[in-house]
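Here the structure is laid out as structure tokens; the discussion comes afterwards.
The values are calculated or read from the model by the stated rules, or taken from the named source; none is laboratory data. Fair warning: this is a prediction, and the values are worked out from it, not measured in the lab. Methodologically, a virtual Cβ is constructed for each residue, glycine included, from the backbone with ideal geometry; neighbour enumeration extends over all protein chains shown. In case anyone asks, the SASA skips ligands and DNA or RNA and just uses the protein heavy atoms, side chains included. Shrake-Rupley method; radii C 1.70, N 1.55, O 1.52, S 1.80 Å.
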Amino acid sequence: MSIKNYLRERFFPHMWCPGCGHGIVLNALLRAIEKLGLNKNDIVMVSGIGCSSRISGYVDFHTLHTIHGRALAFATGVKMSRPELNLIVPMGDGDALSIGGNHFIHAARRNIDMTAIVMNNRIYGMTGGQYSPLSGYGTSATTAPYSNIDHAFDVVKLAESAGASFVARTTVYHVQQLADIIRQAIEHKGFSVVEALTQCPTYFGRKNRLGSAVDMMRHFKDSTTPIGSKAKQENPELIERGVFVQKDTPEYCQEYDKIIERAMKG
Ligand SMILES: Cc1ncc(C[n+]2csc(CCOP(=O)(O)OP(=O)(O)O)c2C)c(N)n1
Ligand code: SF4
């Protein structure tokens, strides 16, 4: 099936600013789905609120555009009632890890089979550039005009320690790797987390004087390296890209089925 069949063309043009990285994530996601040959009727995309969450308007799957920070809770409900469907949950860093941080931890802990894509642009884009938990110490935002004193945390480490059975990170510069990682995440049986570093030139870029969208993408190229590379040993500041965790852990819906079976036997 061609990629165009996965798009809701009537919803275009999209609402993203010129140079926004979110469209690249959409592109990579559709290429991953095309490669897997999934039927669009077997896919449910659940999103919350944010520029990133608007992605659910542009795909011709079953879609739920829900409330800020609660996409994983809605997705859990869908998956528990229709476990045969493929659940994809795109979230901004604010949506996933600020207001939605608790849901993120517990979805990972349960290892429920769905793919969470954290579109990390280090800012609240939709509401005008407030700092997010991933903005980082020393950055600027509309709510941190004299510099942010909150520290960021590592999404990959959080997801891993909370129990996600597939955890990966890459950037929108590395678009082929992004499509490949999303494909692997969808194929994986369990809670999969893909952190996609992406640019918000309108707020994070402008507030932090990072130049154009192209400059920001170049920065993703220069500031990241494959997991375990020699470059990382020489420069520990580099951010690693690739698949960090891929393991077999009992999946929540399957475990729940066993409980039902036990209960029926009395
Ligand atoms: C309960 C609730 N609180 C706050 C908001 C306002 N709000 C909408 S989107 C958003 C943050 C968006 O940032 P992020 O999730 O990082 O996505 P981005 O827009 O950067 O892609 C906030 C605070 C809301 N819609 N609902
Ligand atoms: S405000 Fe930022 S995140 Fe939102 S569409 Fe514009 S560039 Fe993208």
**Report entry** Subset of segment 189-227 that is closer than 29 Å to residue 246 by Cβ and in a loop (DSSP other than H, G, I, E, B) - its residue that is most open to solvent (accessible area, probe 1.4 Å)
**Finding:** 189
Query raised in the report: Residues 265, 232, 258, 189: which one is away from ligand 2 (no atom under 16 Å from the Cβ), within 17 Å of residue 169 (Cβ to Cβ) and of a type in the set (D, E, K, R)?
Result: 232
Requested in this report: For segment 238-257, state whether one or more residues are surrounded by fewer than 10 Cβ atoms within 10 Å (Cβ to Cβ), out of contact with any Cys (no Cβ under 7 Å at 6 or more places or on another chain) and assigned to a helix (DSSP H, G or I).
Outcome: no
Requested in this report: Would you mind stating whether residue 96 is near ligand 1 (Cβ under 10 Å from one of its atoms) and either assigned to a loop (DSSP other than H, G, I, E, B) or at pLDDT 95 or above (or both)?
Outcome: yes
**Report entry** Residues of segment 147-161 that turn out to be in contact (Cβ under 8 Å) with a residue 12 or more places away in the chain, closer than 20 Å to residue 181 by Cβ and open to solvent by 70 Å² or more (accessible area, probe 1.4 Å), as a count
**Finding:** 1
Query raised in the report: Looking only at residues in segment 101-140 that are in a strand (DSSP E or B) and within 15 Å of ligand 2 (Cβ to nearest atom), which one is nearest to residue 89 (Cα to Cα)?
Result: 117
Query raised in the report: Do we find a residue being part of a strand (DSSP E or B), of a type outside the set (Lys, Arg) and over 26 Å from residue 151 (Cα atoms) anywhere in segment 23-43?
Result: yes
Query - Top-ranked residue of segment 6-45 - restricted to ones that are of a type in the set (S, T, N, Q) and open to solvent by 70 Å² or more (accessible area, probe 1.4 Å), ranked as farthest from residue 182 (Cα to Cα) - result: 41
Requested in this report: Could you tell me which residue of segment 46-85 is nearest to ligand 1 (Cβ to nearest atom), considering only residues that are of a type in the set (Ser, Thr, Tyr) and open to solvent by 30 Å² or more (accessible area, probe 1.4 Å)?
Outcome: 63
Report task. Provide a single number: the residues in segment 82-109 that are of a type in the set (S, T, N, Q) and either under 16 Å from residue 163 (Cβ atoms) or touching a His at 6+ places or on another chain (Cβ under 7 Å) (or both). Result -> 1
Query raised in the report: For the subset of segment 162-186 comprising residues that are among the hydroxyl-bearing types (Ser, Thr, Tyr) and open to solvent by less than 50 Å² (accessible area, probe 1.4 Å), which member is nearest to ligand 2 (Cβ to nearest atom)?
Result: 171
